[in-house]
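What follows is a set of notes on a single structure, which appears directly below.
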Amino acid sequence: MPKITKELLKKGADGYISSRFMSVMSNASDVTVRVSEIVVRPQVRQEFREDKHFQQLLESVRRQGVLQPILLAELDGQYVLIAGERRLRAAKTLGFDTIPARILRNLSESDIVEIQLIENIIRQDLNFLDEALGYFRYFTSKAGNSTENDVINAFVTYGRAPERLSPELADTVSAILKISGKSGRTLQRLLTLLRLPQKVKDALREKTISLTVGYALASNVEHPAFDAVFERALHSKLTKQEAAELFSDTPHTPEHNRLCTKLREALRAVESNVDDLSDAEKKDLRKELKTVLKVLEYR
């Protein structure tokens, strides 16, 4: 799988997809499909606005029709939309009965998610939340049901000791790194945004809070001051540093302090009573416990 680079960006989404799925594209069929027969699943890009760009597309389609075929997958006897949501919406808005389409066959569910993700990344058509959701969907299409923390932990493990992941998970993380062109650490931070409550996600989409403050909130979703800091961020231009200071100035709950105490005791027990572990296992376990303690103390 090629990494998304400046050269691939110049080729555009169609060029990248053609090279990535050469055999599939070579057997594609260009046909005309009834609009009513197309199944539209949730797309990688969750946010859709009928902005000036859509109005321009609408006017173009009104005058010239849909010039570039949309991409469909033939899946379980249905035509499933892969790419071209705006063109399809324009056709529906204008009352078109049919639309030109390119039908791709023999695609898996993960192939469909990958093509959607690639197309939106190359077109630079995703906000940060939708990009994170796209990577999450791609991961789950390969690995099955997973939580946001499962995905984040997979990236953490891949960065520290990839051999501790199953080959399938390691390949999935590697594929996402190549698709995104981002570092593992950057993707970990991006994926933390999925932990946020919906009201905070909405504020990020509407840009009433900054992305950096969003990251600070995502690192403190269980903190007792979370709602207060979020409200403060809504009504004043907080920086990430100011948000972090507000969290650090707020005392933790008794339950949080109890967990930290128990974890410190567990760490001491590991360090003093690990005769049954190898040196490598001792080192790994000590490192993991210290990491968890650091996270708890920060929150």
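Where a number appears in this text, it was derived from the coordinates with a stated rule and is not lab data. This structure is a prediction, so every number in the text was calculated from the model and none was measured. Counting neighbours? That spans all protein chains shown, and the Cβs are built from the backbone with ideal geometry, glycine included.
Summary of computed values
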{"read-out": "Interatomic Cα distance distribution for segment 127-195, bins of 5 angstrom, percent", "value": "3, 18, 34, 29, 12, 2, 0"}
{"read-out": "Simple label model, 7 Å out from Cα along Cβ direction - Asn127 to Ala228, nm", "value": "2.8 nm"}
{"read-out": "Unit charges on C-beta of K, R, D, E only; dipole of segment 127-195, Debye", "value": "200 debye"}
{"read-out": "Low-density loop cleavage sites - trypsin sites (Lys or Arg not before Pro) in segment 97-189, where at most 14 other Cβ are within 10 Å (DSSP)", "value": "Arg105, Arg123"}
{"read-out": "FRET efficiency estimate (nearest 0.05) - Cβ-Cβ, Ser60 to Glu281, R0 45 angstrom", "value": "0.10"}
{"read-out": "Nonlocal amide H pairs with Val33, under 5 Å, H built at 1.01 Å", "value": "Ile99, Ala101"}
{"read-out": "In range of the label at Ser36: residues from segment 87-116 whose backbone nitrogen is under 20 Å from the point 7 Å along Cα→Cβ", "value": "88-101"}
{"read-out": "Difference of contour (0.36 nm per residue) and Cα-Cα distance, Thr212 to Thr186", "value": "8.1 nm"}
{"read-out": "Protection proxy ranking of 30-37, 92-99, 216-223, 72-79 - average other beta-carbon atoms within 10 Å, highest first", "value": "216-223, 72-79, 92-99, 30-37"}
{"read-out": "Sum of side-chain charges, Leu72 neighbourhood, beta-carbon under 14 Å (Lys, Arg +1; Asp, Glu -1)", "value": "-2"}
